[in-house]
Each structure stands twice: as C-alpha cells, then as structure tokens.
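For reference, the structure discussed in these notes is given below.
Derivation of every value follows stated rules applied to the coordinates shown; laboratory data play no part. The structure presented is a predicted model; accordingly, all values stated were derived computationally and were not measured. Positions of Cβ are backbone-derived with ideal geometry, glycine not excepted, and every protein chain shown enters the neighbour counts.
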Amino acid sequence: MNLKTIKVLLFTLLALTLASFLIGCGVSKPVYFLFTALFAIGYAAVWLLCWRCPFCGERLGRSDGETCPHCGSEKTWLKQGSEINLKEIEAI
C-alpha cells in the first residue's frame, strides 16, 4: 500500500471510531462501544505497522507523510504536478 492509501485508511478508521463512539453514547448499547474499541485498535495497528517511510523504513510518527523526518526524503508519494503524461507509446 502506498502512503496516500494508508492516510485515507487512517482517516476512515478515525471517523468510524468517533461515529461509533457518538452513536454508543446516544443509544447506550454496549455493542457500539465494542465497535469503537475495534476501530481504535485497527487505527493503532495500521498506524504502527504501515505508516513508514518507503525509503528508510522508519516510522513517520506524526508527520503528514510528505517528508520523512528521519532521512529527509520528499519523495514519499507523488505530488500533484510531478507526474508524466505519455500520449503515445511505440513498440520497436
């Protein structure tokens, strides 16, 4: 998985954690608190295991993922405007 996908996954898990917590507070059913705990554990696992620099392998910590705080690499993901458009490919 690339870092953009991981960032979206982390945001989704955080949103699900907060939503299930708020719903659980509103309806007072223990099952929603179980979902809250599961989403929070999933968030922590993804953050600890996957939120790493693809070049040096160190954890990015609270970094936004665009620049590695350890190796200083700014190529952790493709930024807008840096892509290459190929219009034609010719086979030789």
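Summary table
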item	result
Virtual spin-label span in nm between His70 and Ile23, 7 Å along Cα→Cβ	3.7
Sequence-distant residues sharing a close amide H with Arg52 (under 5 Å, placed H)	Leu60
nm² value of the averaged projected area, convex hull over the Cα atoms of region 1-76	4.9
Where GluC sites (Glu not before Pro) fall in DSSP loop in region 1-77, at most 12 other Cβ within 10 Å	Glu58, Glu74
Region 14-30 - phi-based ³J(HN,Hα) in whole Hz, Karplus 6.51/-1.76/1.60, Gly and Pro as x	5, 5, 5, 4, 5, 5, 5, 5, 5, 5, x, 5, x, 9, 6, 10, x
